[in-house]
């Protein structure tokens, strides 16, 4: 598999759809299925990143350090939404 994975999200100039591999554009139900898959993948990636960031919480030894980290982490999440 290449760097971008098996399916490319690059838009096909003719149909505006997704490429299903070998440069062939997806259309109809296949394009809708890929769109759903990409949306789910984005959500999973965000959840993974949030979990990884929150994992740093356990490195703090003091209550003020934990509170400072959590407040900063929550503020960052609110800015992204």
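Table for the structure above
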quantity	calculated
Selection status of residue 35, surrounded by 11 or more Cβ atoms within 10 Å (Cβ to Cβ), in contact with a helix residue (DSSP H, G or I) (Cβ under 7 Å, 6 or more places away or on another chain) and either modelled with pLDDT under 85 or not in a loop (DSSP other than H, G, I, E, B) (or both)	no
Which numbered condition residue 55 misses (of (1) loosely packed, with under 10 Cβ neighbours inside 10 Å; (2) under 13 Å from the mean Cα position of the chain (by Cα))	(2)
Check on residue 23, at positive phi and either surrounded by 10 or more Cβ atoms within 10 Å (Cβ to Cβ) or at pLDDT 85 or above (or both)	no
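The values are calculated or read from the model by the stated rules, or taken from the named source; none is laboratory data. Just so it is clear, the model here is predicted, and its values are computed rather than measured. Ideal geometry is used to build each Cβ from the backbone, glycine not excepted, and the neighbour counts take in all protein chains shown.
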